[in-house]
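Colleague: Have a look at this one.
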Amino acid sequence: MADVFTVLAQDHHEVRSMLAELEKGPTRAAGANQDQLALRKKMTEQLIIEESKHEALEEMYFWPAVREHLQSGAALADEATGQEQAAKHVLADLDKLGSGDAAFEKLLAKFIMDAREHIEFEESRVWPLLRAALSAETSAELGAKITEGKKTAPTRPHPHTPPSPGALKTAGPVAAAADKARDAVTGRGD
Ligand SMILES: [Fe+2]
Ligand SMILES: [Fe+2]
């Protein structure tokens, strides 16, 4: 069974690849045609889905473990969930724009920069401490919960839901069902 760090590292790897792909363009300013712009929008939607699930699951399971097991856990979790909330606002705005829109590239560039910093913060500031503090068993349990949670995690950013595990556990399934209904209508998520 994959431990929590393996599960999260896999997500980070996927998100980083998507960021690198999007960074390559082409953008509208660089002369992208309609098909390329449509693909760019679709790739951004996929990024929003993956990112929303990942951060929601971290907020449900990962940050509570950080708070519980690390002496500096509250400060680390506060800083990281603050970054996650800020990113959700950017993604919610990005979600409303077309990829031909001038504001789209500005927001996407901001998200790419912030997301890389956020991943770096988690991997270099938080993971080494938590790795040392968790038993192999707890680490595997957390990994399993996150893997299982993927099936019902929200696929939209929901910046107005507070990043507490309780709020997410209550609002999460309802929000996720609504997100899935929207995915079906818009043909997303497949
Ligand atoms: Fe995160
Ligand atoms: Fe993460």
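Colleague: Among A29, H13, T81, which residue has its Cα positioned farthest towards the positive end of the charge dipole of the chain, with +1 placed on the Cβ of Lys and Arg, -1 on the Cβ of Asp and Glu, and the dipole taken about the Cα centre?
Modeller: Sorting the options by dipole projection puts first A29.
Colleague: Any idea what the dipole of the chain comes to, in debye rounded to 20, about its Cα centre with Lys/Arg Cβ at +1 and Asp/Glu Cβ at -1?
Modeller: Working: 23 positive and 31 negative charges, 106 e Å.
Dipole size: approximately 500 debye.
Colleague: Relative to the longest principal axis of the C-alpha atoms of the chain, give the angle of the C-alpha long axis of helix 4-24, reported between 0 and 90° and rounded to the nearest 10°.
Modeller: 20
Colleague: Expressed in nm², what is the orientationally averaged projection area of the convex hull enclosing the Cα positions of the chain?
Modeller: Mean projected area of the Cα convex hull: 10.4 nm².
Colleague: Fewest Cβ neighbours within 10 Å first, please rank K110, K24 accordingly.
Modeller: So the residues, fewest neighbours to most, are K24, K110.
Colleague: Let me ask another. What is the local net charge at G25, summed over the other residues whose Cβ is closer than 11 Å to its Cβ (Lys, Arg +1; Asp, Glu -1)?
Modeller: Here the count lands on 0.
Colleague: Report the extension gain between A144 and Q36 in nm, rounded to one decimal, defined as 0.36 nm multiplied by the number of residues separating them, less their alpha carbon distance. All intermediate terms of the calculation are to be shown ahead of the outcome.
Modeller: Details: separation 108, 0.36 × 108 = 38.88 nm, distance 3.75 nm.
Extra length from A144 to Q36 when fully extended: 35.1 nm.
Colleague: Follow-up. Size of the dipole of region 75-174 about the Cα centre, Lys and Arg at +1 and Asp and Glu at -1 on the beta carbon, nothing else charged, in debye to 20?
Modeller: Working: 12 positive and 15 negative charges, 61 e Å.
That gives region 75-174 a dipole magnitude of about 300 debye.
Colleague: Would you mind ranking M113, M60, M18 by Cβ crowding within 10 Å, fewest neighbours first?
Modeller: On the way: M113 11, M60 21, M18 18.
With the sparsest Cβ surroundings first, the list reads M113, M18, M60.
Colleague: Additional query: Could you grab the relative contact order for region 22-141? Cα pairs under 8 Å, six or more apart, rounded to a whole percent.
Modeller: Working: 63 pairs, mean separation 34.2, N = 120.
Computed value for region 22-141: 28 percent relative contact order.
Colleague: Does a label point 7 Å from the Cα of Q71, set along Cα-to-beta-carbon, have any residues of region 131-153 with amide nitrogen under 20 Å, and which are they?
Modeller: Once the point is set 7 Å along Cα→Cβ of Q71, 131-135 turn out to lie under 20 Å by backbone N, inside region 131-153.
Colleague: Going by how many other beta carbons lie within 10 Å of each one, how would you line up S52, S124, fewest first?
Modeller: In increasing order of surrounding Cβ atoms, one gets S124, S52.
Colleague: Taking Cα pairs under 8 Å and at least six residues apart, what relative contact order does region 1-92 come out at, in percent?
Modeller: 23
Colleague: Taking the alpha-carbon centroid of each part, what is the distance from region 120-158 to region 1-59 in angstrom?
Modeller: 19
Laboratory data are not the source of any read-out in this text; all were calculated from the coordinates shown. All figures in this text were calculated on a predicted structure; none of them were measured in a lab. Positions of Cβ are backbone-derived with ideal geometry, glycine not excepted, and every protein chain shown enters the neighbour counts.
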